[in-house]
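Each value in this text was obtained by applying a stated rule to the coordinates, not by laboratory testing. Because the structure is a prediction, the values reported are computed rather than measured. Here the Cβ positions follow ideal geometry from the backbone for every residue, glycine too, while neighbour counts run over all protein chains shown.
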Amino acid sequence: MTEFHLSPGVTAGRLGAEAYAENFSDLHPALDSHEALVAADRCYFCHDAPCITACPTDIDIPLFIRQIATGTPDSAAKTILSQNILGGMCARVCPTETLCEEACVREVSEGKPVLIGQLQRFATDHLQAQEAHPFQRSASTGKTVAVVGAGPAGLSCAHRLAMLGHDVTVFDARSKLGGLNEFGIAAYKTPAGFAQAEVDWLLQIGGIEIEQEKILGIDINLAALNAKFNAVFLAMGLNGVNDLNINGDDKSGVISAVDFIADLRQIDDLSAMPIGRNVVVIGGGMTAVDAAIQSKLLGALNVTLAYRRGRKQMNASKFEQDLAASKGVHIMTNLVPVAINGNGSVREIQFEYVDADMNGTGQMVQLPADQVFSAIGQTLDCSDLPALEQGKISVTGAGKTSIDGVWAGGDCATGGDDLTVTAVAEGRDAAMDIHAHLIR
Amino acid sequence: MANLQSDFVGIKSPNPFWLASAPPTDKEYNVRRAFEAGWGGVVWKTLGLDPHVVNVNGPRYGAIYGADRRLLGLNNIELITDRPLQTNLDEIKLVKRDYPDRAMVVSLMVPCEEDPWKMILPLVEETGADGVELNFGCPHGMSERGMGAAVGQVPEYIEMVTRWAKANTRMPVIVKLTPNITDIRKPAAAAMAGGADAVSLINTINSITSVNLDLFAPEPTIDGKGAHGGYCGPAVKPIALNMVAEIARDFELAAIPISGIGGVTTWRDAAEFMALGAGNVQVCTAAMTYGFKIVQEMISGLSEYMDDKDMTSTSQLVRKAVPNVTDWKYLNLNYVSKAKINQDLCISCGRCYAACEDTSHQAISMSSNRIFDVIDGECVACNLCVNVCPVEDCITMEAISPGIVDPRTGKVVERDYANWTTHPNNPVATAAE
């Protein structure tokens, strides 16, 4: 194993089978029922609880924890899912340390919040293990809605509309549903095919038709959708990525971190996933951290995360930064890439140190690199959309766009953080707004 | 270090912590290990006449839990010893011989006739035991046969049997009282009238701990049925404390020594029982929950506390709080306090607000940034906010000094003590002369 671990260049199978299995197992193993009771007992059942306010989907957290504590986890799951239909995924991927658990009064007083995320997973797993869907569809309204994109925002919107009795058609560009849940989230946060299982479970509500591999602007267009359906919800996410735009960024081995993560999520056999001995990831957000950690977990010997500003300015939370560091990722800050060197393939990357105002200092540093993953932001790359604002679809209220009958939410629209849970909230709220519009 | 040496009705023990008559004191093996662990004495599990009783072979205990399955209350349907009388007597003799400095009290329960008492008491005396405890408390099984609580609930029987016991032994006689009555002073008075050297209380409380909602049967369930059992453990401590205090502060009963029983789990519980009048304490559920080792904490804790209070003997602690137990009508109605929230300690959970707003006097305000404050003009000092606050000492009750206006009533707080007996709203008030 050590031999392959040290192999130069980009190669697959750096680790033994056991190491892959261990590295890509659940980041937080599921609580067993006793652990869940112990964790639930710690909740103070706060009045007008700060954790609810901190949750983008306003889940009644004290109520669902009390339902777990009193031995009714399925009721707890319904409390969660009635606000957030992707509560199972959010329990796994939410940066709880900056949301509900940061607001928990026990975090404030003891530095140890109630394990809200893990309790949420306990409840939703318990219900979803029974493979029954807890919600019933209302009688059909005869109204039709097109949802573009089957990521968190699109699925959330589609489910709510279907539940309210509308007939929904979901168009998605890819071969599998789920959007970033399927293609973008780190593998160790949602192992064992959870993303697809959750989509299948969600669709049990009925009344949702799926049209796969339909790309907006190529296979379908907004004007036609708006003409055919009573309403349209746009939730395509961000399909483009920012380029490095430096000398040598066309060399082999320089790839987008988004593509690397998607490939990793879709590969069946992790030992077939090639990874460099030296990997450099550029960026400071969740995508950068996920790419860096997973490079390390695949057996890369040296992984460096290079970010142009300081640790404090990184979009990745402190928990994520610490997780990266604990896996052996070397975090370097105040570095801007200036050139990638190599003969056909990348061999090294050159950075310049910059000060707090992003002014170059003239001091350079070279890092050996077999692969360079860039994670410096994603873009909305599509034409014939409603009015944009700073590169995203401009929305007001619950996702209204500049075009009548067209709503938007999730990463492709303005407003909110680019989080799964925010997308779910936007999808749900747009659905309620669309519903109000359709039945008036 | 304070001396914990205890002398209870002439029975000496190195500390006031005895194991109560129960499964922990059922046999030689247990009692030897208890003494090795440091227990000051035991009350050997109740002996009866042969043929010995039998126990159920299904579950004998049921429980009430707090957070993290911390056992708060235990219910049992065990009976008295289910071993032959002679076996117990032989073992008692052996253990007492090897541990002469420990208290060895033997619990007894025989039918309500003088002959069985005449027969059994000399047998116990012969073991070298230090005293006997009459089990008039067991609320299940034995009471159906006219023993245990069936005796303890009839003061005349208590007096009669106590008298028989005193007439047939030179050993001190402790009468164990059942709490399953309306006024604990009546059975205590009966024991005293019968010549008892002391009373011990409380025995267990009639209880059904829970109902199995699949079987629709009480727990513990034996083949689909359940019977009420005896409740004990931390949950019963407040009931026991009150009953101990009722006896200790009764003018007629004040002279009778009390062995305090009921949910004693830590040294602090023991100290509370003693301050309310118990000369020593008996422990069972805590040992059954955590093992014999807990006595080490009880010994060190009580010693440390007594050192802090400059007490050198447990007798200085016994009855220390009795003068301050009074009737409601004598409480000072001119004493006014207000809740005060320490903002540095407050974690903004808002439980005080929910409790006060929904169920009390709407005397706590909540700001948009979750600052909680007491509205003195509404606060009646009920203490509910203190009780529901998860942070110790975050909310306290602060007395208003005499001469200051209470913003709730608009009246100046009086310096002088005044109670209900003289209050103008009391139709039978006696005018303060």
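Taking the Cβ of each residue in A:46, B:394 as the centre, tally the other Cβ atoms inside 10 Å and list the residues starting with the fewest.
Ascending number of Cβ neighbours within 10 Å: B:394, A:46.
What whole-number distance in Å separates the alpha-carbon centres of region A:119-198 and region B:82-143?
Each part reduced to its Cα centre gives a spacing of 71 Å.
Please give the charge dipole size of the protein assembly as shown, origin at the Cα centre, charges +1 on K and R Cβ atoms and -1 on D and E Cβ atoms. Round to the nearest 20 debye.
1120
What whole number of Å gives the distance from the Cα centroid of region A:313-376 to the Cα centroid of region A:18-75?
One Cα centre to the other: 36 Å.
Identify unpaired cysteines across chain B, taking unpaired to mean no other cysteine Cβ lies under 4.7 Å from the residue's Cβ.
B:112, B:138, B:232, B:284, B:346, B:356, B:379, B:382, B:389, B:394, each lacking another Cys Cβ under 4.7 Å.
Please work out the C-alpha center-to-center distance from region B:17-38 to region B:377-428 and express it in whole Å.
Centre-to-centre (Cα) distance: 48 Å.
Compute the signed sum of charges (Lys and Arg +1, Asp and Glu -1) over the other residues within less than 13 Å, Cβ to Cβ, of residue A:329. Kindly include the intermediate steps, with their values, before the conclusion.
Details: positive: A:296, A:311, A:327; negative: A:290, A:320, A:322.
Residues close to residue A:329 contribute a combined charge of 0.
What distance in nm separates the simple spin-label points at residue B:113 and residue B:322, each placed 7 Å from Cα in the Cβ direction?
Computed distance between label sites residue B:113 and residue B:322 equals 3.9 nm.
Any chance you could give the angle, 0 to 90 degrees and rounded to 10, that helix B:28-37 forms with the longest Cα principal axis of chain B?
Value to nearest ten degrees: 40.
Once both labels are modelled 7 Å past Cα along the beta-carbon direction, what's the residue A:325-residue B:251 spacing in nm?
7.4
How much length is gained on full extension from residue B:49 to residue B:242, taking 0.36 nm per residue of separation minus their Cα-Cα distance?
Values: separation 193, 0.36 × 193 = 69.48 nm, distance 3.39 nm.
Contour length minus Cα-Cα distance gives 66.1 nm.
As a quick test, which of the pairs B:237/B:329; B:176/B:225; B:12/B:293 have an alpha carbon distance above 27 angstrom in this structure? Spell out each step's value before the answer.
Numbers: B:237/B:329 24 Å; B:176/B:225 29 Å; B:12/B:293 21 Å.
Violating the 27 Å Cα-Cα cut-off are B:176/B:225.
Would you tally the net charge around residue A:157, using a Cβ to Cβ cut-off of less than 12 Å, leaving residue A:157 out, and scoring K and R as +1, D and E as -1? Before the final figure, lay out each step's value.
Working: positive: A:160, A:428; negative: A:426, A:429, A:433.
Here the count lands on -1.
To the nearest 20 debye, what charge dipole does region A:33-128 have about its Cα centre, counting +1 at the Cβ of each Lys and Arg and -1 at the Cβ of each Asp and Glu? Please report the intermediate quantities before stating the final value.
On the way: 7 positive and 12 negative charges, 36 e Å.
Result for region A:33-128 is approximately 180 debye, rounded to the nearest 20.
Hey, with R₀ at 41 Å, roughly what FRET efficiency would residue A:131 and residue B:369 work out to, going by the Cβ-Cβ distance, to 0.05? Please report the intermediate quantities before stating the final value.
Values: r = 44 Å, r/R0 = 1.08.
So, using R0 = 41 Å, E works out to roughly 0.40.
Excluding residue A:106 itself, what net charge comes from residues whose Cβ is under 14 Å from its Cβ, given Lys and Arg +1 and Asp and Glu -1?
On the way: positive: A:42, A:112, B:351; negative: A:41, A:97, A:101, A:102, A:107, A:110.
So the surrounding residues net to -3.
Please name which of A:117, B:251, A:69 has its Cα lying farthest along the dipole of the protein assembly as shown towards the positive end, using unit charges on Cβ (Lys, Arg +1; Asp, Glu -1) and the Cα centre as origin.
So the residue furthest toward the plus end is B:251.
Any idea what the dipole of region A:167-306 comes to, in debye rounded to 20, about its Cα centre with Lys/Arg Cβ at +1 and Asp/Glu Cβ at -1? Write down the numbers at each step before the final one.
Values: 9 positive and 17 negative charges, 83 e Å.
With Lys and Arg at +1 and Asp and Glu at -1, about 400 debye.
Taking only C-alpha pairs under 8 Å that are 6+ residues apart, what is the relative contact order of chain A in percent?
It comes to 18 percent, rounded to a whole number.
Run the reach check for residue B:27 against lysines, Cα to Cα strictly under 16 Å, same-chain hits fewer than 8 apart removed. What comes back?
Filter leaves B:45, B:93, B:96.
Tell me, A:298, A:63 in order of fewest to most beta-carbon neighbours within 10 Å?
On the way: A:298 26, A:63 16.
Sorted ascending by nearby Cβ count, the order is A:63, A:298.
Under a cut-off of 24 Å between alpha-carbon atoms, report the lysines in cross-link reach of residue B:340, not counting same-chain residues fewer than 8 places apart.
Those lysines meeting the cut-off are B:411.
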